[in-house]
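Q: Quick one: this structure, given as structure tokens, is what I'll be asking you about.
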Amino acid sequence: MAKSMTGYGKHNCTYNTKQFSIEIRSVNGKSLDVNIKFPINFRDKEGEIRNQLNKVAQRGKIDVFMTVDASSVKSGFVINKAAFTAYLSQLEQLLKEEGAEFDRSQLVSSILRLPDVMNQEPENLDEQEWKAVFECFNKALAAFDNFRSGEGKIIMQDILQRITLIEQLLAQIAPYENERLETVKQRILTNLEQIPGVEYDKNRFEQELIYYIEKFDITEEKIRLKQHCAYFLESAKSEEAPGRKLGFIAQEIGREINTLGSKANHVEIQRIVVQMKDELEKIKEQLLNVL
């Protein structure tokens, strides 16, 4: 069953006094692009996170976030003295040059909020803590995958309905085919009769007419379009991640519909072709989000 490339999953867990929350979000993309934002002491575990993601995601832009309740974490913050001194010196000099009065304590408070002034020293990672976090991640990943499966089911139902509608529209062309050829024949005859003094060989005329009408024959296009639609339905139901393949088949469907339109030469067939094109465009839009 196809899955959506758009997904969301979240899970919370607790280890000793620490409370963790892990969120996984994804949007569509041509390839797999994973962005992991974990606390610095978990950075060397990113490989394990990526390996788990690769088991359920082949394409899409995926963001993985982990937040830790601040009240449950030791502060571990140290002041970057060099950065603090540089900021303080430059700000004091600038304010003096401008003749502005300033409160040194407020200046210090402002500097402490500037980038690179306060650094957090990473804690040593407890393996039991990591096991708890990894389990939390796997539960978030399961929720994420279930979300994508549900979303993918809804998308594919819509796509398959539109493919079936294209097949139904194709069947509606048949009644107009003989009418179309007869109209072409009568139009040529009428034009010939309107030219005074023109004599022609009726047998030769019939041969030329048959040759001319063959150029408007759409039998092959109808057969190929029907085959492409059947192959689309088969691939959608049999493959686990059919999105890219279905996109290629949709391109072939589009080529046959365009050829039908160029050969139509009948207002009702043209109308049907426009409806098929409309359905195919909606299918292509939906396929952009199918894994």
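The values are calculated or read from the model by the stated rules, or taken from the named source; none is laboratory data. Bear in mind the structure is a predicted one, so any value in this text is a computation, not a measurement. Reconstructed Cβ throughout: ideal geometry from the backbone, glycine too, with neighbour counts over all protein chains shown. When the accessible area is computed, the model is the full protein with side chains, heavy atoms only, and any ligands, DNA or RNA have been set aside. Shrake-Rupley method; radii C 1.70, N 1.55, O 1.52, S 1.80 Å.
Q: Among the listed residues A230, A236, which satisfies the condition of being open to solvent by less than 70 Å² (accessible area, probe 1.4 Å), without any contact (Cβ under 8 Å) to a residue 60 or more places away in the chain and either closer than 27 Å to G29 by Cα or assigned to a helix (DSSP H, G or I) (or both)?
A: When all the criteria are applied, what remains is A230.
Q: Further, regarding this structure: Here are the criteria: (1) open to solvent by 80 Å² or more (accessible area, probe 1.4 Å); (2) in contact with a Gly (Cβ under 8 Å, 6 or more places away or on another chain); (3) among the basic types (K, R). Tell me which single one K30 does not satisfy.
A: In the conditions (1) open to solvent by 80 Å² or more (accessible area, probe 1.4 Å); (2) in contact with a Gly (Cβ under 8 Å, 6 or more places away or on another chain); (3) among the basic types (K, R), K30 misses (2) alone.
Q: Additional query: State all residues of segment 33-68 that are among the hydrophobic types (A, V, I, L, M, F, W, C) and either more than 18 Å from the chain's Cα centre (by Cα) or at pLDDT 90 or above (or both); if no residue qualifies, say none.
A: Within segment 33-68, V34, I36, F38, I40, F42, I49, L53, I62, V64, F65, M66, V68 meet the criteria.
Q: I'm told L125 meets every condition in (1) surrounded by 13 or more Cβ atoms within 10 Å (Cβ to Cβ); (2) at pLDDT below 95; (3) part of a helix (DSSP H, G or I) except one. Can you identify the failing condition by its number?
A: Going through the list (1) surrounded by 13 or more Cβ atoms within 10 Å (Cβ to Cβ); (2) at pLDDT below 95; (3) part of a helix (DSSP H, G or I), L125 breaks only (3).
For every residue, the table says whether it meets (1) of a type in the set (F, W, Y); (2) more than 30 Å from L246 (Cβ to Cβ); (3) out of contact with any Lys or Arg (no Cβ under 6 Å at 6 or more places or on another chain).
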| site | (1), (2), (3) |
| --- | --- |
| E98 | no, yes, yes |
| D103 | no, yes, yes |
| Q106 | no, yes, yes |
| W130 | yes, yes, yes |
| V133 | no, yes, yes |
| F137 | yes, yes, yes |
| L141 | no, no, yes |
| I163 | no, no, yes |
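Q: Also, quick follow-up: Report, ordered by the first and then the second residue, all pairs with beta carbons closer than 6 Å, sequence separation of six or more or different chains, a first member in segment 16-30 that is under 12 Å from A132 (Cβ atoms), and a second member that is buried (at least 18 other Cβ atoms within 10 Å of the Cβ).
A: F20/V133; F20/C136; I22/H11; I22/M66; I22/C136; I22/F137; I22/A140
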